[in-house]
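K.L.:
Could you have a look at this structure, given as structure tokens, before my questions?
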Amino acid sequence: MAEPDSEWWRIWFGPSYLELYDETLRERTPVEIDQLVRFLHLRPPLRILDLPCGQGRHAIELAGRGYDVTGVDLSPYLLDVAKARAKEAGVRVRWLLGDMREAIKGEPFDLILNLFTSFGYFAEEADDRQVVRAAGSMLKPGGRFLLEVINGARIMANFEEREWFTVGQTAVMERRSLDASARRMVVERTVSSSNGTEVNVHALRLYGGHELLKMLTEEGFERVDLYGDWNREPLTPESLRVLAVALKGS
């Protein structure tokens, strides 16, 4: 299997990505925000940073519920989609083109969100730490950073080299390789639809609760709580996801 470019994420999040996931994710978004609000006991107005925000689905839904939202993403294409959809929805979001490893200037946030496994893309773990460090620097004292990722510990313990699934009317086949020592998974994805077949390769560093707890604590967060789902169930080796809530000290 071919290795992906070390900066595969610069071009991955374009029209093909959106075409594959868009309809399914748009339907799920209101429910996901309901879960988020209950999970963190949120009430507007709060200053929230969606980092990265992609096509803006979470940011737009939150803005529509009265929150002061900023969305940052590295994809000009997805940001343009987000801007158009926010205008269509009649909501105001501050959209910024930027790298999630770099802090943005301005008034600090009450909450920073990193959702839908948008963490672990970089070739070096040090870059993931930069994301955590930047988030900490942009929070108010007592502010929170929420990381939601697929449970890397579960994937490594039950690793599958191949998987087939469908997204709407599109068939997806994944071939995977795993470097267990680096917790790094490379995925060759073949997407087949009425428009033809497309093959691409990406990589993901896998994080379980132990790794996230260690990193967030070492990067200065005062307290880190780990959960296995949006109902605040305890994290277990079989949990599908890890939700880490990191508190910035006063």
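The values are calculated or read from the model by the stated rules, or taken from the named source; none is laboratory data. Please read these numbers as outputs of a predicted model, since none were measured by experiment. Neighbour counts are summed over all protein chains in view; Cβ atoms, including those assigned to glycine, are modelled from backbone coordinates with ideal geometry. The protein model used for the area step is the full one, side chains on, heavy atoms only, and it has no ligands, DNA or RNA in it. Shrake-Rupley method; radii C 1.70, N 1.55, O 1.52, S 1.80 Å.
K.L.:
Any idea which of (1) at pLDDT below 95; (2) within 20 Å of LYS140 (Cβ to Cβ) is the one ALA59 doesn't satisfy?
P.N.:
The number of the failed condition is (1).
K.L.:
Output the residues belonging to the stretch 179-194 that are of a type outside the set (Lys, Arg), free of Cβ contacts under 8 Å to residues at least 24 places away in the same chain and open to solvent by 40 Å² or more (accessible area, probe 1.4 Å).
P.N.:
ASP179, SER181, SER192
K.L.:
In the list GLU88, GLU19, GLU27, which residue meets the criterion of being out of contact with any Gly (no Cβ under 6 Å at 6 or more places or on another chain), farther than 22 Å from VAL201 by Cα, at pLDDT below 95 and among the acidic types (Asp, Glu)?
P.N.:
GLU27
K.L.:
State yes or no: is PHE165 of a type outside the set (A, V, I, L, M) and within 18 Å of the chain's Cα centre (by Cα)?
P.N.:
Values: of a type outside the set (A, V, I, L, M): yes; within 18 Å of the chain's Cα centre (by Cα): no.
So PHE165 does not fit the description; no.
K.L.:
So, one more: List the helices (runs of 4 or more DSSP H) that sit entirely inside the stretch 123-227 and contain at least 1 residues that are closer than 26 Å to ARG47 by Cβ.
P.N.:
Result: 125-137, 209-218.
K.L.:
Quickly run through the stretch 201-218 and pick out the residues that are in contact with a Leu (Cβ under 8 Å, 6 or more places away or on another chain) and open to solvent by 20 Å² or more (accessible area, probe 1.4 Å).
P.N.:
LEU213
K.L.:
Sticking with this one: Any residue at all in the stretch 157-168 that's among the hydroxyl-bearing types (Ser, Thr, Tyr) and either under 29 Å from ARG38 (Cβ atoms) or in contact (Cβ under 8 Å) with a residue 40 or more places away in the chain (or both)?
P.N.:
no
K.L.:
Does LEU111 count as touching a helix residue (DSSP H, G or I) at 6+ places or on another chain (Cβ under 9 Å) and within 28 Å of GLY208 (Cα to Cα)?
P.N.:
yes
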